[in-house]
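The values are calculated or read from the model by the stated rules, or taken from the named source; none is laboratory data. Every value quoted in this text rests on a predicted model; they were computed, and no experiment measured them. Ideal geometry is used to build each Cβ from the backbone, glycine not excepted, and the neighbour counts take in all protein chains shown.
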Amino acid sequence: MRDRGSDKTARVLGLYTKLLNGHIVNRAIEASLYHVNERSIDRDIESLRCFLAEQHLMQEVIYDRQKRGYRLVNHTPASLSNSEILAVCKILLESRSMRKDEMLPILDKLIECCVPEQSKKAVSELIANEKYHYIEPHHGQNILPGLWDLGQAIAEHRVVEIAYERMKEPRLVQRRVLPAGIMFSEYYFYLTAFLEDKSTFDNPNDLFPTIYRIDRIRSFHVLDETFRVPYKDRFQEGEFRKRVQFMYGGRLQTVRFTYTGPSIEAVLDRLPTAEIISEHDGVYEVRAEVFGKGIDMWLKSQGEYVNII
């Protein structure tokens with residue numbers, strides 16, 4: 001009498017070998033080859049999937065509809081290298097973007113989930129001193145609770161009502177906005193959004209979004225109302241980010257200046273749209289596209305190294 005268990009094991013090993021070699025496994029063909037019905041092949045594939053998951057082999061058997069068969073997909077390892085996780089932790093700590101009770105659990109979870117067991121202690125010790133001396137942002141607000149909801153409102157194009165505390169006049173203002181993106185810059189998270197009603201706005205003809213510090217949004221409500229994306233052809237978060245400095249809003253402008261400081265690379269990194277027009281004896285003429293007046297603060301901070309043309 002034939003051993004059905006041995007037959008099944010042989011089939012599964014045969015299927016796995018084909019998948020490892022990059023072949024597409026077709027149920028009908030395999031069923032005919034092994035003299036079984038197609039359901040048996042389906043069960044073999046399911047057994048193989050369970051084995052791969054239990055062994056954490058970072059492989060998955062998927063059904064490819066175009067090729068009408070199963071194929072094997074290799075996934076990259078989920079854990080980060082020691083250098084990668086150390087870099088991420090250092091960047092997070094240096095950002096000082098959240099309260100301690102939000103920041104430190106994130107670091108602990110990163111180390112627990114992404115670092116190999118044998119390296120966890122070493123990585124923890126490398127950032128322990130910075131964790132102990134971590135300085136929170138002065139606003140003292142929780143950032144994480146509303147971040148995902150705002151992100152979903154952006155993805156689903158939903159109108160958001162916000163109560164915002166202005167910086168110039170410490171008072172709450174109510175706004176209905178069309179959210180466009182979430183950005184981070186120098187200690188703070190920002191919501192970029194288009195005002196639904198610009199009748200009371202300083203610059204009603206401005207085609208670009210206004211900028212709201214998320215920690216100054218005292219409350220918000222995502223409405224069931226959706227909006228058409230009128231800015232899809234003229235606003236891209238990445239391109240906007242290149243041109244906004246210190247998160248000050250305003251019109252798009254082109255600035256030109258000369259630079260005589262020690263590191264032109266620092267200028268090009270600080271202003272992603274900057275390009276060198278000319279260079280002579282260490283004097284660089286630079287041109288850049290930027291939004292708003294934030295660029296003025298940076299140019300003045302460079303002192304004698306910068307001369308605005």
Answer residue from the stretch 243-272, given it is surrounded by fewer than 16 Cβ atoms within 10 Å (Cβ to Cβ) and under 29 Å from Glu196 (Cα atoms) and is modelled with the highest pLDDT among those: Thr254
Out of curiosity, is Ile29 more than 30 Å from Ala128 (Cβ to Cβ), modelled with pLDDT of 90 or more and part of a helix (DSSP H, G or I)? yes
Which of the residues belonging to the stretch 256-309 are among the small types (Gly, Ala, Ser), farther than 18 Å from Glu186 by Cα and in a helix (DSSP H, G or I)? Gly303
Do you know which of the residues in the stretch 148-202 that are polar (S, T, N, Q) and in contact with an Asp or Glu (Cβ under 8 Å, 6 or more places away or on another chain) is modelled with the lowest pLDDT? Thr192
I need the full set of residues from the stretch 129-146 which are farther than 14 Å from Ser95 by Cβ, in a helix (DSSP H, G or I) and within 21 Å of the chain's Cα centre (by Cα), in order please. Pro145, Gly146
Only residues in the stretch 280-299 that are closer than 15 Å to Ala266 by Cα count as the first member; pair them with residues that are outside any strand (DSSP E or B), Cβ under 6 angstrom, at least 6 apart or cross-chain, and list the lot. Val283/Thr260; Tyr284/Ile264; Val286/Ala274; Ala288/Leu271; Ala288/Thr273; Ala288/Ala274; Ile295/Gln245; Trp298/Gln245
